[in-house]
Amino acid sequence: MSEEQIKNLEVQFEARIARDEKIEPKDWMPEKYRKTHIRQMSQHAHSEIVGMLPEGNWITRAPSLRRKVALLAKVQDEAGHGLYLYSACETLGVSRDELYEQLHSGKAKYSSIFNYPTITWADMGAVGWLVDGAAIINQVPLCNTSYGPYARAMVRVCKEESFHQRQGFEIMMKLANGAPEQKELAQDALNRWWWPSLMMLGPTDAESIHTEQSMKWKLKRKSNDDLRQQFIDQTVPQAELIGLTIPDPDLKWNEERQSYDFGEINWDEFWQVVKGHGPMNKERMKARVGAWEEGEWVRDAAMAYAEKKQARKQKQAI
Amino acid sequence: MKQNLYNYILGIADNSLILGQRLGELTGHGPSLETDIACTNISLDLFGQVRSYFQYAAKIAGDDRTEDDIAMLRKEREYKSVLLVEQPNTNFAYTMARQFLFDVYHLAFLAELQKSTDLTLSAIANKCIKEVSYHERFSSDWIKRLGDGTEESKAKMQEAMDGLWTYTDELFHQTEADKAMVVEGIGVDVTKLKDAYYTRVSAVLEESTLETPESKWFQKGGKEGIHTEHLGYLLAELQYMQRAYPNMEW
């Protein structure tokens, strides 16, 4: 294809996106579009899979049968999200094994928030309420993103995430309205998860490298700072409702902006965790790589069995 | 309170409780995303069953105890589960062998419990049997895959089967509560399930190119609350929150 022809295709492609048409796997697309989508979708899939670990950590210790069942179902949903996001990646010509390899080698990123430990039961509430809350704010706009398989996956993911978020808030509410010891657990969890949740919405606009192109492709519809403001404005009244205090002395309602002003985020901590030096980065990777390596003989056996079965069928067919 | 009925229900439910707890340990650590989802799903089914049984048991007890009190606030000698279900997740072969050896029993048991003259128990059995027939299909498929997969998987699966075989016979022992409930037409006569059980298990093992273990030395005691050393640690996790923060709602 000549350079001019490619240029033409690109113009048509951008026009389709501008008209809000969906791009489907078999459609022509610029290489950069394909790569950017693999990067973002796989990062999202990895986050779901690694995100199973901090919550899975409390399954055996959930305080009641009802909570245990809900937590199991939630972590199972996350595995399901991972599964269809990996499948969406596969429509762009990359295999799940390749993506795992990128995760395990440290080449691919996942949401940094999962590198924090879940040390008390209240963390199950805080993670659902704040982490899933921030995730929804990030993800709802993606239900209208330009790449069809991603947009459709996100519709389902968002529905389930908002259920999880309500469930997390309900855990926090129960604690906050419970015995003094329970309220302490809730406040302590909020103290530890608040700032990492704000960081989860990404670096400030000035430092965000992918934003402009992503906006054009509808992979991103609002800037990180706008999303963060939206999250804060939405969450502060919820904390007030259940009598918990946001751990930010500078937090103040700004009448003029009709929004909350808030304190300085510790970006050094953010970059430390992103670069692999958070409290749980090594443990999370060890758990993922460990599960993968220990499972190799099982996957090999399943493959060998399927081949034998196929061979037997073929033999019978002759 | 109908003590025999109460004990009988706990005997059934404790198997699901302890096995569900064991499977819950694996969530997020499975050999593939698909098996992870399936094992979590089985755990979820089992805990759902536990809730139905314990809610019914709490009603029979007639005091203010709840399903969580029954699940999480008994002492180690008061759990009536069979030794098989508390065995650890040594590796995926052990996990699947344990599952299969229990599922074959569980399925046959529920088919009989559906005929119970106790309408609540027969209704629970009727709901559970759909889930358990899926469990049995899943675990028997894995016995075949691992048994007839690679040399390594075959050796691992044979080792797991040999290791767990000693816990199978207990499934068919009757407690006093069992006997009383059989007489009343409420309970299942588990002694009658034994032959069909070993026939089914052997058939799957044969199809999986595995040897049916020949050992006739069996362990028992779980149904009377005499467990292996594994159970204490499992209960320590299961009960942690209820013990550390007593009398609170979650």
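The values are calculated or read from the model by the stated rules, or taken from the named source; none is laboratory data. Values in this document were obtained by computation on a predicted structure and should not be read as measured data. Cβ: placed from backbone, ideal geometry, glycine included. Neighbour counts: every protein chain shown.
All but one of (1) of a type in the set (F, W, Y); (2) within 14 Å of another protein chain (Cβ to nearest Cβ); (3) assigned to a loop (DSSP other than H, G, I, E, B) hold for B:Y240; state the number of the condition that does not hold.
The number of the failed condition is (3).
Within segment B:76-98, restricting attention to residues that are within 14 Å of chain A (Cβ to nearest Cβ) and under 26 Å from B:K127 (Cβ atoms), which residue is surrounded by the fewest Cβ atoms within 10 Å (Cβ to Cβ)?
Ranking the qualifying residues of segment B:76-98, first place goes to B:T95.
Residue by residue, here is whether (1) loosely packed, with under 13 Cβ neighbours inside 10 Å; (2) closer than 29 Å to A:Q182 by Cα holds:
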| position | (1), (2) |
| --- | --- |
| A:Q230 | no, yes |
| A:E256 | yes, no |
| A:Y260 | no, yes |
| A:M285 | no, no |
| A:R288 | no, no |
| A:E294 | no, no |
| A:R299 | no, no |
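Name the single residue, out of those in segment B:197-228 being farther than 22 Å from B:P88 by Cβ and β-branched (V, I, T), that is surrounded by the most Cβ atoms within 10 Å (Cβ to Cβ).
Looking at the filtered set, the residue picked out is B:V204.
Identify all residues within segment A:113-149 that are closer than 21 Å to A:K220 by Cα, more than 12 Å from the chain's Cα centre (by Cα) and among the polar types (S, T, N, Q); write none if there are none.
Those that are closer than 21 Å to A:K220 by Cα, more than 12 Å from the chain's Cα centre (by Cα) and among the polar types (S, T, N, Q): A:N144, A:T145, A:S146.
Of the numbered conditions (1) without any contact (Cβ under 8 Å) to a residue 60 or more places away in the chain; (2) over 15 Å from the mean Cα position of the chain (by Cα), B:H173 fails exactly one; give the number of that condition.
Here B:H173 meets the rest and fails (2).
Select, from B:Y79, B:Y94, B:Y105, B:Y53, the only residue that is over 25 Å from B:M161 (Cα atoms) and aromatic (F, W, Y).
Only one candidate qualifies: B:Y53.
What single numbered condition from (1) more than 21 Å from B:N89 (Cα to Cα); (2) within 14 Å of chain A (Cβ to nearest Cβ); (3) exposed (fewer than 13 other Cβ atoms within 10 Å of the Cβ) fails to hold for B:Y233?
Evaluating B:Y233 over (1) more than 21 Å from B:N89 (Cα to Cα); (2) within 14 Å of chain A (Cβ to nearest Cβ); (3) exposed (fewer than 13 other Cβ atoms within 10 Å of the Cβ) leaves (1) as the failure.
Output the residues belonging to segment A:275-295 that are closer than 22 Å to A:L227 by Cβ and either modelled with pLDDT under 95 or within 12 Å of chain B (Cβ to nearest Cβ) (or both).
None - no residue of segment A:275-295 is closer than 22 Å to A:L227 by Cβ and either modelled with pLDDT under 95 or within 12 Å of chain B (Cβ to nearest Cβ) (or both), so the list stays empty.
Within segment A:235-257, is there a residue that is at pLDDT 95 or above and within 27 Å of A:I49 (Cβ to Cβ)? Give the derivation first.
Going through segment A:235-257, the residues at pLDDT 95 or above turn out to be A:235-257.
This time we only want the ones that are within 27 Å of A:I49 (Cβ to Cβ), so: A:235.
Looking through segment A:235-257, at least one residue is at pLDDT 95 or above and within 27 Å of A:I49 (Cβ to Cβ).
Taking segment B:145-196 on its own, how many of its residues are surrounded by 20 or more Cβ atoms within 10 Å (Cβ to Cβ), hydroxyl-bearing (S, T, Y) and away from chain A (no Cβ under 13 Å)?
2
Which pairs do you get when a residue that is over 14 Å from B:D141 (Cβ atoms) and facing chain B (nearest Cβ under 7 Å), found in segment A:296-314, comes within reach of a residue that is part of a helix (DSSP H, G or I) and of a type outside the set (S, T, N, Q), reach meaning Cβ atoms under 6 angstrom, with the pair 6+ apart or on two chains?
Listed by first residue and then by second, the contacts come to A:W297/B:E152.
Here are some residues: A:L99, A:L83, A:L92. Which one is away from every other protein chain (no Cβ under 11 Å), surrounded by fewer than 24 Cβ atoms within 10 Å (Cβ to Cβ) and not in a loop (DSSP other than H, G, I, E, B)?
None of the other options fit; the residue is A:L99.
Quick one: how many residues across segment A:30-57 are buried (at least 22 other Cβ atoms within 10 Å of the Cβ) and either outside any helix (DSSP H, G or I) or out of contact with any Phe, Trp or Tyr (no Cβ under 8 Å at 6 or more places or on another chain) (or both)?
Number satisfying all stated conditions: 5.
May I ask you to list the residues in segment B:25-69 that are assigned to a helix (DSSP H, G or I), more than 9 Å from chain A (Cβ to nearest Cβ) and among the small types (G, A, S)?
Within segment B:25-69, the subset assigned to a helix (DSSP H, G or I) is B:33-61, B:67-69.
Now drop any that are not more than 9 Å from chain A (Cβ to nearest Cβ), which leaves B:38-39, B:42, B:45-46, B:49, B:52-53, B:55-61, B:69.
Correct list: B:A38, B:S52, B:A57, B:A58, B:A61.
Kindly indicate the residue of segment A:179-213 that is under 21 Å from the mean Cα position of the chain (by Cα), among the aliphatic types (A, V, I, L, M) and modelled with pLDDT of 90 or more and also nearest to A:F114 (Cα to Cα) among those meeting that condition.
Checking each candidate, the answer is A:M200.
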